[in-house]
Structure formats: C-alpha cells, structure tokens
Amino acid sequence: MANPKHLTTLLEGRRAWNAWRRENLHTVPDFSAADLAGRDLSEFDLWGANFSKAKLDRANLWRADLSGTSFHGASLRGADLSGTDLWASDLRHADLSEANLREANLLEARLNEAQLSKAVLDEANLSGANLCGACLIGAKLAGASLVKADLSSANLRDAGLFGAHLVRANLSGADLRGANFFEAKLYGANFAEADLRKTDLRGADLSFACLRNAKGKRSVKIEWANLWNINDPPSGFLEWAKKRGAKFEATKEPV
C-alpha cells in the first residue's frame, strides 16, 4: 500500500513534491496501489518511485522523470507519458493501452507482457528494451528506435513501424500480421518463427536478417526491400522477391 505521507506530499503539487524530493534523495517514494487516475503529475521528479499496481489511467505524466520507476502491474490506460524519461523502468504486466508515449525514453525498460494496444510510441527510444510477449496491436511506432530490443512472441498485428530502427532486434515468434515496416531498418533482425502474413516490408533494409521458419513470407509486400545476405531464406523465396522488385545491395550496419 502507498505511504500516506508520500501521497499527501505528492498531492500538494509539483513544487512541494520536487522540493521534498531534493531533501529526501535516499527515500524510495511508495505509491503502490494508489488511485491517481486523471492526476496532473507533469514534470514531477519521480525517479525510482514505486507505482506497482497503482491506477494512473488518463494521468498527465508529461516530461516527468520516471527513470528506474516501478509500474509493475499498474494501469496507465490513456495516460500522457510523452517526453518522459522511463529509462530502465519496470513496466512488466502494465496496461498502457492507448497511452501517449511519443518521444519517451524507454531505453532498457522492462515491458514484458505489457499491454500497449493502440499506444502512441512514435519517435520513442526503446533500444535494448524487453517487450517479450507484449501486446502492441495497432500501436504507432513510426521512427521509433528498437535497436537490439527483445520483441520475441510479441503481438504487433497491424502496428505501424514505418521508418523505425530495429537493427538486430529479436522478433522471433512474433505476430506481425499486417504490420507496417515501410522503410524500416531491420538489419540483422531475427524473424525466426514469426508470422509475416500480409506484412509490409517495402523499402525496408533486411540485410543479414534471419527468416528461419517464418510464416507467410510469400504474402508480404517486398518491393524495394534490401535482402542482402539474409539468413535461412526458404527455397525459391529470393527469386520470388526479386521478381517483385526486391534488391540485393551490399550495406553496412546502420549506426
């Protein structure tokens, strides 16, 4: 349960809370299971706090410092987390459906089995994040950075990842049906056992990507995609892709 003193100070507003935080740097704020739905917590200094199982639906956390914060099992449906620092935060099993995470820093965050359906993650930094088993149905990730992110067994059906950076990302076993990877950077990405039915890979860089036992490879949109040195392509796939305008150009790993 939440610490009553911490909760009282938080509800006094940004100035009071941030002043208290500067004077209590070694105290871990405890808001576990607190009902903070719809609250304005924008620009609050909340790094390292405990919000596990808290209710933060529609809360305004714009540009708050949430690095290292625990939201394990919390509900953040429709919350505004745009521009927030969530570096190394714990969002396992959290519900972020329809949340706004545009330009948020989620570097190395733990989002295992999190609910992110229809969430907005455009231009967000998810490099090194763990999204194993996460639900991202219809999520928007245009221009997002997912370098070396773990998306194994994640559900990205109908997600928009155009122009996203997924260099060496793990998409093994992921449901990618209808996902849009138009002009995405997929250098060295792992698609083993993934479901690629009706996936849009037009103009994407798939150099050195792994397609071992991926499903639906011949239903993908592959025009202008770069398939240089892809691994484990099925028999006849490269010839089929070439006829549809795929290219095979030597390329270096994107920085």
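The values are calculated or read from the model by the stated rules, or taken from the named source; none is laboratory data. Predicted model only: the values in this text are computed from it and were never measured. When we count neighbours, we look across all protein chains shown, and the Cβ atoms used for this are built from the backbone with ideal geometry, even at glycine.
Just a few scattered comments:
- The set of residues in segment 1-43 that are surrounded by 13 or more Cβ atoms within 10 Å (Cβ to Cβ), among the polar types (S, T, N, Q) and in a helix (DSSP H, G or I) comprises Thr9, Asn18.
- A single entry from Ala142, Ala159 fulfils the requirement of being of a type outside the set (Ser, Thr, Tyr), modelled with pLDDT of 95 or more and surrounded by 24 or more Cβ atoms within 10 Å (Cβ to Cβ): Ala159.
- Annotation note: of Glu98, Glu103, the sole residue that is under 12 Å from the mean Cα position of the chain (by Cα), without any contact (Cβ under 8 Å) to a residue 40 or more places away in the chain and at positive phi is Glu103.
- The combined condition, being over 23 Å from Cys135 (Cα atoms), free of Cβ contacts under 8 Å to residues at least 24 places away in the same chain and of a type in the set (S, T, N, Q), is not fulfilled by Thr69.
- Restricted to segment 216-246, and to residues there that are touching a Lys or Arg at 6+ places or on another chain (Cβ under 9 Å) and of a type in the set (A, V, I, L, M), the residue that is surrounded by the most Cβ atoms within 10 Å (Cβ to Cβ) is Ala225.
Yes/no per residue for (1) of a type outside the set (A, V, I, L, M, F, W, C); (2) farther than 17 Å from Glu249 by Cα:
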site: Asn155; (1), (2): yes, yes
site: Phe162; (1), (2): no, yes
site: Leu176; (1), (2): no, yes
site: Ala184; (1), (2): no, no
site: Glu193; (1), (2): yes, yes
site: Asp205; (1), (2): yes, no
